[in-house]
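Asks: The structure is given below, and queries will be raised subsequently.
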Amino acid sequence: HGETFADVWRHHGYDLSEHVIRVPLILRAPGIAPSRQATPVSLVDVVPTALALTDTPAPPTLDGVDLTPLLLRGTPLAPRVLFSDTWKFSHEGEQHIDLVGAYDGTRKLVLDRTDQTLWQHDPSRVDAAPRLLTTWTNDPLLRSLLGYVEETGGAVRLRD
């Protein structure tokens, strides 16, 4: 995750586009038959799943969800928003990149906190360029994104 390959260069952590952050999660464990699941999951789901598979109690504040109901019985996961972020600083300590994204299974919004712009990505089209949003409404995905930023200690003032 996070790798961008361009010609002879390899970059890490420069954007949140689909070809960078959408990677397969491959899991092999006793009792889980080989299958393909289209359900979006997150790296934060690995620990709760490993704990469940080993009958180890999970701390109540642990991020992520246990994927074993999906993997063992095909039980759908509850709808949720997945978050991702990346940032980069120069050697001099100047911040160049500060992106945070929210994905609800169909739509993805990415907030660039360096210039306070909001971008909409089309997750169904990996090659599609993101679209700059210049107006927004009371969007549940945007509220989730801004709530995540606030919860993780960030400040946001979207430009009008």
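The values are calculated or read from the model by the stated rules, or taken from the named source; none is laboratory data. Being a predicted model, the structure only gives us computed values, none of them experimental. Don't worry about glycine lacking a Cβ; one is built from the backbone with ideal geometry, like all the others, and counts go over all protein chains shown. SASA here: full protein model, heavy atoms, side chains in, ligands and nucleic acids out. Shrake-Rupley method; radii C 1.70, N 1.55, O 1.52, S 1.80 Å.
Asks: Among (i) 50, 42, 33; (ii) 50, 40, 23; (iii) 83, 30, 29, only one was calculated for this model; which label is it, if the read-out is Cα extents along the principal axes in Å?
Replies: Only one listed value fits the structure, namely (i).
Asks: Accessible surface of L43 in the full protein assembly, 1.4 angstrom probe, to the nearest 10 Å²?
Replies: Taking all protein chains as shown, L43 has close to 110 Å².
Asks: Check which residues have an amide H placed less than 5 Å from V65's amide H, if you skip close sequence neighbours.
Replies: D45
Asks: How large is ³J(HN,Hα) for each residue in the stretch 32-48, as worked out from phi by the Karplus curve 6.51 cos²θ - 1.76 cosθ + 1.60 (θ = phi - 60°), to whole Hz, x for Gly and Pro?
Replies: Going residue by residue, I get 9, 6, x, 6, 10, 10, 8, 5, x, 10, 10, 4, 5, 7, 5, 5, x Hz, with x marking Gly and Pro.
Asks: For W136, enumerate residues with amide H under 5 Å from its amide H, sequence gap 5+ or separate chain, H modeled in the peptide plane.
Replies: Under 5 Å from the amide H of W136 lies no amide H from a residue far enough along the sequence or on another chain.
Asks: Express the relative contact order of the chain as a whole percentage, based on alpha carbon pairs under 8 Å and six or more residues apart in sequence. Provide the component values of the computation, followed by the final result.
Replies: Values: 227 pairs, mean separation 24.7, N = 160.
Relative CO of the chain lands at 15 percent.
Asks: I've got another one for you. Just to check I understand the Karplus step: with θ = phi - 60° and J = 6.51 cos²θ - 1.76 cosθ + 1.60, what whole-Hz values come out for the stretch 131-136, glycine and proline as x?
Replies: 10, 5, 9, 9, 9, 8
Asks: For K108, list long-range residues whose amide hydrogen, built 1.01 Å from N in the peptide plane, is under 5 Å from its own amide hydrogen.
Replies: Residues meeting the criterion, in which the H sits 1.01 Å from N, are H121.
Asks: Sticking with this structure for a sec: For A33 and Q116, FRET efficiency with R0 = 35 Å and r from the beta-carbon atoms, rounded to 0.05? Can you show the working numbers first?
Replies: Numbers: r = 47 Å, r/R0 = 1.34.
That gives a FRET efficiency of 0.15.
Asks: Averaged per residue, what accessible surface does the chain expose to a 1.4 Å probe, in Å²? Walk me through the intermediate numbers first.
Replies: Details: 11060 Å² over 160 residues.
Ligands and nucleic acids excluded, the figure is 69 Å² per residue.
Asks: Next question. I want to check the label-to-label distance for L77 and L133. Put each point 7 Å from Cα in the C-beta direction and report it in nm to one decimal.
Replies: 2.1 nm
Asks: Which of R125, R107, R22 ends up with the largest GNM mean-square fluctuation for the chain, with Cα atoms connected below 10 Å?
Replies: R125
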